[in-house]
1. Report every pair of residues separated by at least 6 positions or lying on different chains whose Cβ atoms are under 8 Å apart, first residue within the stretch 3-32 and within 13 Å of A61 (Cβ to Cβ) and touching a residue at least 60 places away in the same chain (Cβ under 8 Å), second crowded, with 24+ Cβ neighbours inside 10 Å and hydroxyl-bearing (S, T, Y).
2. For the condition without any contact (Cβ under 8 Å) to a residue 12 or more places away in the chain and at negative phi, what is the one hit in E167, E155?
3. Going through the stretch 177-205 one residue at a time, which ones are open to solvent by less than 40 Å² (accessible area, probe 1.4 Å), out of contact with any Ser or Thr (no Cβ under 7 Å at 6 or more places or on another chain) and not basic (K, R)?
4. Does I251 meet the test of being surrounded by fewer than 19 Cβ atoms within 10 Å (Cβ to Cβ), β-branched (V, I, T), in contact (Cβ under 8 Å) with a residue 12 or more places away in the chain and in a helix (DSSP H, G or I)?
5. Could you please let me know if A266 is open to solvent by less than 50 Å² (accessible area, probe 1.4 Å) and either assigned to a strand (DSSP E or B) or at pLDDT below 95 (or both)?
6. Could you identify the single residue in A61, A54, A75, A27 that is modelled with pLDDT of 95 or more and exposed (fewer than 15 other Cβ atoms within 10 Å of the Cβ)?
7. If E155 satisfies every condition in (1) part of a helix (DSSP H, G or I); (2) modelled with pLDDT under 95; (3) not hydroxyl-bearing (S, T, Y) but one, which is the exception?
8. Can you tell me how many residues in the stretch 206-243 are part of a helix (DSSP H, G or I), open to solvent by 30 Å² or more (accessible area, probe 1.4 Å) and without any contact (Cβ under 8 Å) to a residue 12 or more places away in the chain?
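The values are calculated or read from the model by the stated rules, or taken from the named source; none is laboratory data. Because the structure is predicted, anything quoted here is derived from the model rather than measured. Virtual Cβ from ideal backbone geometry, glycine too; neighbours counted across all protein chains shown. Remember, those area values only see protein heavy atoms, side chains included, never the ligands or the DNA or RNA. Shrake-Rupley method; radii C 1.70, N 1.55, O 1.52, S 1.80 Å.
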Amino acid sequence: MTSRRNRSWHVGRGRTLELGPTGHIMAIINVTPDSFSDGGRYGSVDAAVAHALACVRDGAAILDIGGESTRPGAAEVMAAEEQGRVLPVIERLAAETDALISIDTYRAETARLAMAAGAHIINDVHGLQREPEIATVAAATGAGICIMHTGRGREQEKRADRIADQEFFLTKSLEIARAAGIPEEAIVLDPGFGFAKNRDDDMELMARFAELHRLGFPLLVGTSRKRFIGAGTGRDKPEERDVATAATTAILRLAGAAIFRVHNVAANRDALAMADAVLAAAWAHEEKGNT
């Protein structure tokens with residue numbers, strides 16, 4: 001069980017999110033026609049905004065807006081198309097909710113426009129390594145930055161040990177972030193469950209998750225409805241994997257994860273509440289023993 005460590009995550013527009021006492025939920029808002037779980041369901045601005053506001057009511061602290069599917073085999077979209085999908089949604093949400101808004105993109109220009117439209121956080125699934133200029137955008141705008149590990153396109157350099165590969169890739173990403181001037185208080189790391197990882201990779205990453213704390217940064221996780229959950233439960237349809245996703249949320253919270261990127265906010269909110277209650281009891285017992 002993880003020890004307690006409180007931190008303030010510094011994000012855009014002078015906002016902060018307190019990490020440590022409780023976990024936080026990042027809701028997935030796919031403004032795409034082809035995402036693996038809910039593609040097309042929230043493709044219009046009105047539908048995406050309505051869904052995002054419902055997620056806030058259910059307990060989401062962060063809304064992660066994405067305009068390009070990251071599922072395996074998805075077609076890459078042009079930057080203008082991605083921006084046309086996400087920017088109107090971000091503008092509306094910035095006016096209608098105080099929730100933190102995240103832009104899910106690897107493109108520096110999309111990130112810059114999204115921050116101007118009202119976003120607070122940049123979530124890069126390529127860990128700043130596809131378009132390193134995105135790190136300069138994050139530094140210039142004061143954005144919080146989520147740096148994710150991926151195995152895509154790295155077959156020749158991947159380390160055999162799964163945690164060693166996390167450390168190798170994320171250390172390179174952190175070097176890019178520091179060179180751009182991103183402060184450490186703005187950084188959160190994501191081990192990238194399901195991104196060029198097979199079932200065994202993801203299960204071992206779950207089992208060894210606490211080792212990632214050696215990197216020294218808060219950890220965000222995105223297990224929601226992923227294929228390894230389907231393999232572990234026999235649930236073929238992504239939308240049938242919410243109960244098992246909530247189980248991973250509880251497991252990873254007890255292992256020290258701080259932020260949980262999910263589709264079903266309500267189910268994961270309850271799982272997270274139980275894990276937080278267990279942690280609070282453990283920390284109270286620990287403090288009692290030290291007095």
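1. Filtered contacts from the stretch 3-32: G23/T249; M26/S102.
2. Values: E167 fails: without any contact (Cβ under 8 Å) to a residue 12 or more places away in the chain.
The match here is E155.
3. Listed by number, the residues that qualify are A177, I182, A186, I187, V188, L189, D190, P191, G194, D201, D202, L205.
4. yes
5. Judged against the criteria, A266 is not a match.
6. None of the other options fit; the residue is A54.
7. The number of the failed condition is (1).
8. Residues flagged as part of a helix (DSSP H, G or I), open to solvent by 30 Å² or more (accessible area, probe 1.4 Å) and without any contact (Cβ under 8 Å) to a residue 12 or more places away in the chain within the stretch 206-243 amount to 3.
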